[in-house]
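The values are calculated or read from the model by the stated rules, or taken from the named source; none is laboratory data. Source: prediction; values computed, not measured. Positions of Cβ are generated from backbone atoms using ideal geometry, with glycine treated the same way; all protein chains shown enter the neighbour counts. Surface accessibility is based on the protein's heavy atoms, side chains included, excluding ligands, DNA and RNA. Shrake-Rupley method; radii C 1.70, N 1.55, O 1.52, S 1.80 Å.
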Amino acid sequence: MIYMIKLTVCVLTPGVTMDFSKQRKENITMATLTIILLVSTAFALGDCTIRPKTPCERARDAMKNRPPTAYIPTCDCKGQYTPEQCWGSTGSCWCVTCNGQKIKGTETPPGTAPIKCATLICS
């Protein structure tokens with residue numbers, strides 16, 4: 001379904017008053033519009049706002065106040081470690097397990113072609 005919303009914006013000059021009681025009923029009040037926006041945002045976010053933080057998200061969030069040269073883990077939209085992790089300040093990258101542990105022999109120095117890290121299915 002498509003809903004059309006008519007929004008009326010009035011700019012008043014100081015000392016000028018308007019009688020809003022004569023507005024037609026089709027106009028949506030700002031409060032109603034705000035409620036619609038909040039409800040639609042809640043539906044768009046889905047379960048993401050309800051679930052507890054994952055180990056990757058907790059590790060990432062713990063690094064937010066660190067120096068810019070610190071390694072910060074990257075997480076996917078479900079909160080799992082992305083298969084390839086990179087250290088932004090050095091440019092080196094490596095593959096990790098589902099638990100974020102570095103896989104031996106996958107580290108690539110800056111300026112070299114990155115290794116294709118397999119997407120691991122974690123349960």
- Message: I'd like to know if segment 1-21 contains one or more residues that are over 27 Å from the mean Cα position of the chain (by Cα), of a type in the set (D, E, K, R), modelled with pLDDT under 85 and not in a helix (DSSP H, G or I).
- Response: yes
- Message: Give me the residue from segment 22-41 that is among the hydroxyl-bearing types (Ser, Thr, Tyr) and closer than 30 Å to CYS77 by Cβ and, out of that set, modelled with the lowest pLDDT.
- Response: THR41
- Task: Can you run down the residue pairs with Cβ atoms below 8 Å, 6 or more apart or on separate chains, where the first is in segment 49-75 and in a helix (DSSP H, G or I) and the partner is open to solvent by 100 Å² or more (accessible area, probe 1.4 Å)?
- Result: PRO55/ASN99; ASP61/LYS53
- Item | Residue among GLY79, GLY88 that alone is surrounded by 10 or more Cβ atoms within 10 Å (Cβ to Cβ), farther than 29 Å from LEU38 by Cα and under 20 Å from the mean Cα position of the chain (by Cα) | GLY88
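Has segment 42-56 got any residue that is open to solvent by less than 60 Å² (accessible area, probe 1.4 Å), modelled with pLDDT of 90 or more and closer than 30 Å to GLY111 by Cβ?
So far as segment 42-56 goes, yes, one or more of its residues are open to solvent by less than 60 Å² (accessible area, probe 1.4 Å), modelled with pLDDT of 90 or more and closer than 30 Å to GLY111 by Cβ.
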- Message: Report every pair of residues separated by at least 6 positions or lying on different chains whose Cβ atoms are under 6 Å apart, first residue within segment 83-99 and in a loop (DSSP other than H, G, I, E, B), second open to solvent by 50 Å² or more (accessible area, probe 1.4 Å) and of a type outside the set (D, E, K, R).
- Response: PRO83/THR119; TRP87/TYR71; SER89/THR69; GLY91/PRO110; SER92/PRO109; SER92/PRO110; CYS98/LEU120; CYS98/CYS122
- Message: For segment 100-114, give me each residue that is surrounded by 12 or more Cβ atoms within 10 Å (Cβ to Cβ) and part of a loop (DSSP other than H, G, I, E, B).
- Response: GLY100, ILE103, THR106, GLU107, PRO114
